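As structure tokens, the structure follows; a few thoughts come after it.
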Amino acid sequence: MSGFGRTHPSLAHVSRPQRRAQLLEAIAGSEGGLLARGCGRAYGDAAQLDGGTVIDMTRLDRLLDFDPSSGVLVCEAGVRLGDIDALFVPRGFALPVVPGTGQVSVGGAIAADIHGKNHDSAGSFGEYVEWIDLLGGDGAVRHLSPQQDAEAFAATIGGMGLTGIVLQAAIRLVPVPSPFIHCRERRLTDLDAMLTAIAGIRDSATYSVAWIDGLARGKNLGRGILQLGEAVPAELVGKYKIRRPARAHRVPFELPRGFPLKTAVRLYNKLHMARVPAGGSVRTLPRQDFLHPLDGLGDWNRLYGRRGFVQFQCVIADELAQPGLRKLLETVSRSRPGALLAVLKTMGRSGRGMLSFARRGHSLALDIPWRRHTPELLAELERIALDCGARVYLAKDSALSPEGFAAMYPEHERFAAVLQRLDPAGRFQSDQARRLGVRTYAP
Amino acid sequence: MSDEPSLVPADAPSEAPAAAPAAALDDAWVIFGASSGIARAFMRIAAQHGKPLVLAGRDVEDLAIDGRDLVLRGSPAVRTLTFDADAPASFAALTAMIDTALPQPFNVLLAFAVLPKPQDIVADPDLARRVVAINAGAPLALMQHLAPLLQRRGGGRLVVLGSVAGDRVRPGNPVYGASKMALHGFVQALAPGLARSGVGVTLVKPGPVDTPMTFGRATALRPASAEDCAAAIWRAAQKGRRVVYFPALLRWVMLAVRLLPDFMLRRLAK
């Protein structure tokens, strides 16, 4: 079993309960630690547990209640975010925060306190969680909310599944005017142009995300395409020509080892840049195609071959963003084969959880194919991140050092204290938590 | 676990309209083995098409959760029903209850079976008898009860989950294959009589599907998704197909396997 990047496999007992009674049986029969897993879209080692019991929650995916007056949806942890939107967007409601893929479970979204392309305006997923029913290693359920055991609630949001198993949760959906998004794109030739453009739009655009050509160097460093999105108002739906929903394709097999991936990506990046004319482009497309570009190509992690890939994502405070991003991009573009995909987004405010990733700043995500020297590259990226006070995203991480974790997540001691209270025996663990020594800070 | 069976409304979420039960249960689907992987995916499709549902299974507490889910997905009404394939004595009462609750023609999906590991059957030969009792004995008895009722209603459809393993029983898991073969034979013989009364019969023969039954097992083919399988069953039921393989390609594979002389199959099975 491994994360989406498929770099650090480990062996665990896996069960996939179909009914709640089976979930309780799996907890009671667990050995060597316990961890819930959702869709397995964390890139690194966050949702795996060597020698322990991993509970795949994807079949406990039932909707329990929906109140159209408040928009609050109650559902089990295994429900996929894409399925929620598919069901509720036709009824005029949508999840306020979704990541680049719809294949993320509600439990996973809470555990990683995920963000989307609208962080400046909407914040993180955790802000819309009304309450959580958390299952402990003893099989008892705790009802957590900002009013009831706020400490445990704040530890569970962004807590990477270490506080227990989310059984069900209440999520506030928001009204959406239509299932379409009006998307504007601009081509930008270097990092400074990109950052200036982002600064100009971040307070007004609902959705914004920049695709960066991670292989570009020198004067082209940081060039890319800035994409802005707005929901199409209901009364304008008929006025735009709407692109047909993208057909989903799958990657049928792993690319062989000798495949010239970097050359292919370089070519793709060139074409991708050229696709957007100098004057920018405008189109209207189905909501899910804009929000979940990663879902257009199923199993795309196979493109990286058997060796897999890692993603390095960190958020840097606005003041230090320009030099920090430049340093990160320079470092990775000097390495081989470099970052085959780079995504830059802005974040508006801190998350609600003790270990929430979000904070105001610029977030850069780099997809890096795994090679023998990748650990050294990741260590260097971590050093750069630490130097500019940046924070690495645990949902993507597979290489952060314990010292790095402690420096980047200032509330780690408070978090460990909650773990000590909720789970004194330390049953909930993950490969990542063991690597980072999350529990060692317990009082 | 053979409590008095009871037909209870699944907890209605706040959005659910308070509908009149009799009218709401028109063209309902009665699902036996409603907690199974394929059944759950099938129920969701039926709910999306606005069909009422009766969920029959052992864990009614958990089925009530499915009931809330299905109402939110579009089903006008969902009931749960305690059903234990291991308690055939309760089948008559179950049938009587369905008779009262569903005055209109209705549809049935039989989706319960057990698939023990072959080595477990070797270790405990009595398990062989119990597997046949649940996979063949129970559905046969249930169909004996349900067939006259379906005929009286003069419509609806009976969908039975068989298996490609029952087309030609392989040495790998002989008891399971034999139980499914018995099921196939019975359904084939039952279908013409029901058809004369306007009741359609669909026999489904899936290959490996990613459900709790196959989770963590080594299978000959990569398991298909339960959602895809359920969608294929729904389409087949709508079209009135008599036999449906899933994936569809298996129809020709199994035809070849059935036609193969025994001595050749023996070589292949090695």
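The values are calculated or read from the model by the stated rules, or taken from the named source; none is laboratory data. Everything quoted here is computed from the prediction, not taken from an experiment. Backbone-built Cβ (ideal geometry, glycine too); neighbour counts: all protein chains shown.
If you go through the range A:249-270 one residue at a time, do you hit one that is farther than 24 Å from residue A:124 by Cα, assigned to a loop (DSSP other than H, G, I, E, B) and at pLDDT 90 or above? Within the range A:249-270, not a single residue is farther than 24 Å from residue A:124 by Cα, assigned to a loop (DSSP other than H, G, I, E, B) and at pLDDT 90 or above.
Tell me yes or no: at least one residue of the range A:176-184 is farther than 30 Å from residue A:405 by Cβ, among the basic types (Lys, Arg) and either in the same structural domain as residue A:124 (by TED's automatic domain parsing) or crowded, with 24+ Cβ neighbours inside 10 Å (or both).
Of the residues in the range A:176-184, the ones farther than 30 Å from residue A:405 by Cβ are A:176-184.
With among the basic types (Lys, Arg) added as a condition, the list becomes A:184.
Still in the list and also either in the same structural domain as residue A:124 (by TED's automatic domain parsing) or crowded, with 24+ Cβ neighbours inside 10 Å (or both): none.
No, there is no match, as no residue in the range A:176-184 is farther than 30 Å from residue A:405 by Cβ, among the basic types (Lys, Arg) and either in the same structural domain as residue A:124 (by TED's automatic domain parsing) or crowded, with 24+ Cβ neighbours inside 10 Å (or both).
Considering the conditions (1) closer than 16 Å to residue B:112 by Cα; (2) out of contact with any Pro (no Cβ under 7 Å at 6 or more places or on another chain), residue B:218 is excluded by exactly one of them, (1). Taken as a whole, the condition of being more than 14 Å from chain B (Cβ to nearest Cβ), touching a Gly at 6+ places or on another chain (Cβ under 6 Å) and not β-branched (Val, Ile, Thr) applies to residue A:108.
Only strands (runs of 3 or more DSSP E) whose full extent lies in the range B:35-143 are considered here, and the ones with at least 3 residues that are in contact (Cβ under 8 Å) with a residue 60 or more places away in the chain are B:78-82, B:107-110.
Does the range A:55-80 hold any residues that are touching a Leu at 6+ places or on another chain (Cβ under 8 Å), within 20 Å of residue A:104 (Cβ to Cβ) and of a type in the set (Asp, Glu), and which are they? Listed by number, the list holds a single entry, A:76. Apart from one condition, residue A:213 fits all of (1) surrounded by fewer than 23 Cβ atoms within 10 Å (Cβ to Cβ); (2) of a type in the set (Asp, Glu); (3) farther than 25 Å from residue A:126 by Cβ; the exception is (1).
Of all residues assigned to the range A:378-389, none qualifies as being outside any loop (DSSP other than H, G, I, E, B) and within 23 Å of residue A:34 (Cα to Cα).
What strands (runs of 3 or more DSSP E), lying completely within the range A:1-56, carry at least 3 residues that are within 14 Å of another protein chain (Cβ to nearest Cβ)? Talk me through it step by step, then tell me what you get.
Working: elements: A:13-15, A:34-37, A:53-56.
Here the list reads A:13-15, A:53-56.
Quick one: would you say residue A:299 is within 23 Å of the chain's Cα centre (by Cα), modelled with pLDDT of 90 or more and not aliphatic (A, V, I, L, M)? So residue A:299 fails the test.
The conditions of being out of contact with any strand residue (DSSP E or B) (no Cβ under 6 Å at 6 or more places or on another chain), among the charged types (D, E, K, R) and surrounded by fewer than 20 Cβ atoms within 10 Å (Cβ to Cβ) are met by residue A:91. Within the set A:105, A:145, A:178, the sole residue that is closer than 20 Å to residue A:64 by Cβ, small (Gly, Ala, Ser) and more than 22 Å from the chain's Cα centre (by Cα) turns out to be A:145. Residue count for the range B:243-264 satisfying the condition of being exposed (fewer than 14 other Cβ atoms within 10 Å of the Cβ) and either within 14 Å of another protein chain (Cβ to nearest Cβ) or part of a loop (DSSP other than H, G, I, E, B) (or both): 3.
Which ones in the range A:137-148 are buried (at least 19 other Cβ atoms within 10 Å of the Cβ) and over 18 Å from residue A:74 (Cα atoms)? If you could, list the steps in order and put the result at the bottom.
To start, the set of residues in the range A:137-148 that are buried (at least 19 other Cβ atoms within 10 Å of the Cβ) comprises A:137, A:144.
Listed by number, the list holds a single entry, A:137.
Candidates are the residues of the range B:26-39 that are buried (at least 24 other Cβ atoms within 10 Å of the Cβ) and within 13 Å of residue B:77 (Cβ to Cβ); the one that is nearest to the other protein chains (Cβ to nearest Cβ) is B:29. Against the list (1) at pLDDT below 95; (2) more than 15 Å from residue A:160 (Cα to Cα), the condition residue A:41 fails is (2). Among the residues of the range B:181-194, the one identified as under 19 Å from the mean Cα position of the chain (by Cα) and more than 25 Å from residue B:169 (Cβ to Cβ) is B:194.
Does residue A:133 fit the bill of being modelled with pLDDT of 95 or more and assigned to a helix (DSSP H, G or I)?
On the way: modelled with pLDDT of 95 or more: yes; assigned to a helix (DSSP H, G or I): no.
Spelling it out, it is not the case that residue A:133 is modelled with pLDDT of 95 or more and assigned to a helix (DSSP H, G or I).
The residue that is nearest to residue B:87 (Cα to Cα), among those in the range B:40-54 that are within 12 Å of chain A (Cβ to nearest Cβ) and within 16 Å of the chain's Cα centre (by Cα), is B:40. Of everything in the range B:71-84 that is over 18 Å from the mean Cα position of the chain (by Cα) and within 14 Å of chain A (Cβ to nearest Cβ), the residue that is nearest to residue B:41 (Cα to Cα) is B:73.
For the range B:211-242, enumerate the residues that are assigned to a helix (DSSP H, G or I) and within 14 Å of another protein chain (Cβ to nearest Cβ). Steps first, please.
Within the range B:211-242, the subset assigned to a helix (DSSP H, G or I) is B:226-239.
Result: B:226, B:227, B:228, B:230.
If you check A:95, A:60 for being within 12 Å of chain B (Cβ to nearest Cβ), of a type in the set (A, V, I, L, M, F, W, C) and farther than 30 Å from residue A:375 by Cα, only one passes: A:60.
Any residue at all in the range B:174-185 that is among the aliphatic types (A, V, I, L, M), within 14 Å of chain A (Cβ to nearest Cβ) and crowded, with 19+ Cβ neighbours inside 10 Å? The answer is no, given that none of the residues of the range B:174-185 is among the aliphatic types (A, V, I, L, M), within 14 Å of chain A (Cβ to nearest Cβ) and crowded, with 19+ Cβ neighbours inside 10 Å.
The set of residues from the range A:138-183 being modelled with pLDDT of 95 or more, of a type in the set (D, E, K, R) and not in a helix (DSSP H, G or I) comprises A:142, A:149, A:172.
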